[in-house]
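Data block below; observations after.
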Amino acid sequence: MSKFLVVKLQSLSAYVPGEQPRDKKYVKLNTNESPFMPAPPVKSAVEKAAADLQLYPDPDCNAMLDRLSAVYGLAKDQLIVCNGSDEILDFAVLAFSDEKHPVYFPDISYGCYPVFSDKYSVPYVTIPLKDDFSIDVEDYLTQDGTVIIANPNAPTGLALSVDAIEKVVAAKQV
């Protein structure tokens with residue numbers, strides 16, 4: 001477990017989705033489905049559409065992770081498949097911040113940062129951009145909490161160099 005994961009979440013177990021067998025076609029009920037027969041009009045409509053019905057997709061996205069791993073030369077556990085960047089950012093604030101670990105981000109950036117912080121009662125600090133709207137990485141090196149920097153920054157579109165990002169990461173490793 002990461003040393004940065006907040007204490008309240010360190011004992012949580014990951015959600016394990018129900019088995020999705022792939023060796024042949026099954027009709028399988030998941031936890032959100034009912035074993036009771038549908039109303040006759042529903043049954044009729046389902047029977048007409050049965051040729052187009054699909055099995056649940058792989059909840060672990062193994063085929064996608066295998067391909068991404070091969071394309072980018074990363075281990076599968078270095079990749080996250082999700083429903084977009086907002087979901088990942090939401091998870092990051094939840095996992096790496098709490099009342100004792102505030103979030104730091106630029107004052108001009110994604111509007112979701114304060115929303116996610118408020119959602120989890122996490123204090124946050126917005127750090128002003130420089131006069132040219134760029135991020136001064138020096139402002140983030142001594143912050144005691146979670147630093148979130150989009151690169152390039154939205155909505156300015158200005159990007160930090162890899163060296164600048166690595167400098168922030170290195171400062172947080174101490």
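The values are calculated or read from the model by the stated rules, or taken from the named source; none is laboratory data. Small disclaimer: the values here were computed from a predicted structure and weren't measured. Positions of Cβ are generated from backbone atoms using ideal geometry, with glycine treated the same way; all protein chains shown enter the neighbour counts. Accessible surface areas use protein heavy atoms only, side chains included; no ligands, DNA or RNA. Shrake-Rupley method; radii C 1.70, N 1.55, O 1.52, S 1.80 Å.
Go through region 127-167 and count every residue that is among the polar types (S, T, N, Q) and out of contact with any strand residue (DSSP E or B) (no Cβ under 7 Å at 6 or more places or on another chain).
Filtering region 127-167 down to residues among the polar types (S, T, N, Q) leaves 134, 142-143, 146, 151, 153, 156, 161.
Applying the additional criterion that residues be out of contact with any strand residue (DSSP E or B) (no Cβ under 7 Å at 6 or more places or on another chain) yields 134, 142, 151, 156, 161.
The total comes to 5.
Name, by its number, the condition in (1) under 25 Å from GLU99 (Cα atoms); (2) modelled with pLDDT of 90 or more; (3) surrounded by 12 or more Cβ atoms within 10 Å (Cβ to Cβ) that does not hold for VAL169.
Here VAL169 meets the rest and fails (3).
Looking at the structure I just gave you, is VAL81 at pLDDT below 95 and assigned to a helix (DSSP H, G or I)?
Against the criterion (at pLDDT below 95 and assigned to a helix (DSSP H, G or I)), VAL81 does not qualify.
Mind counting the residues in region 84-112 that are on the phi > 0 side of the Ramachandran plot and hydrophobic (A, V, I, L, M, F, W, C)?
0
Restricting attention to region 147-174, which residues are of a type in the set (Gly, Ala, Ser) and in contact (Cβ under 8 Å) with a residue 12 or more places away in the chain?
Passing the criteria: ALA150, ALA154, ALA164, ALA171.
Any idea which of (1) loosely packed, with under 14 Cβ neighbours inside 10 Å; (2) under 21 Å from the mean Cα position of the chain (by Cα); (3) touching a residue at least 12 places away in the same chain (Cβ under 8 Å) is the one THR142 doesn't satisfy?
(2)
Could you list, in sequence order, the residues of region 64-104 that are open to solvent by less than 30 Å² (accessible area, probe 1.4 Å) and charged (D, E, K, R)?
ASP90, ASP98, listed by residue number.
For residues that are under 18 Å from SER11 (Cα atoms) and among the aliphatic types (A, V, I, L, M), scanning just region 83-106, find the one that is nearest to the chain's Cα centre (by Cα).
ALA92
Filter region 2-57 for residues that are closer than 30 Å to HIS101 by Cα and in a helix (DSSP H, G or I); which is modelled with the highest pLDDT?
Looking at the filtered set, the residue picked out is VAL7.
What number of residues within region 152-166 satisfy the criterion of being over 22 Å from the mean Cα position of the chain (by Cα) and either modelled with pLDDT under 90 or at positive phi (or both)?
1
Would you check if there is a residue in region 105-113 being touching a strand residue (DSSP E or B) at 6+ places or on another chain (Cβ under 7 Å), over 26 Å from LYS3 (Cα atoms) and exposed (fewer than 15 other Cβ atoms within 10 Å of the Cβ)? Spell out how you get there, then give the answer.
Here is the first cut: in region 105-113, the ones touching a strand residue (DSSP E or B) at 6+ places or on another chain (Cβ under 7 Å) are 105-107, 113.
Those still in the list that are over 26 Å from LYS3 (Cα atoms) too: 107.
Checking which are exposed (fewer than 15 other Cβ atoms within 10 Å of the Cβ) leaves us with 107.
Within region 105-113, one or more residues are touching a strand residue (DSSP E or B) at 6+ places or on another chain (Cβ under 7 Å), over 26 Å from LYS3 (Cα atoms) and exposed (fewer than 15 other Cβ atoms within 10 Å of the Cβ).
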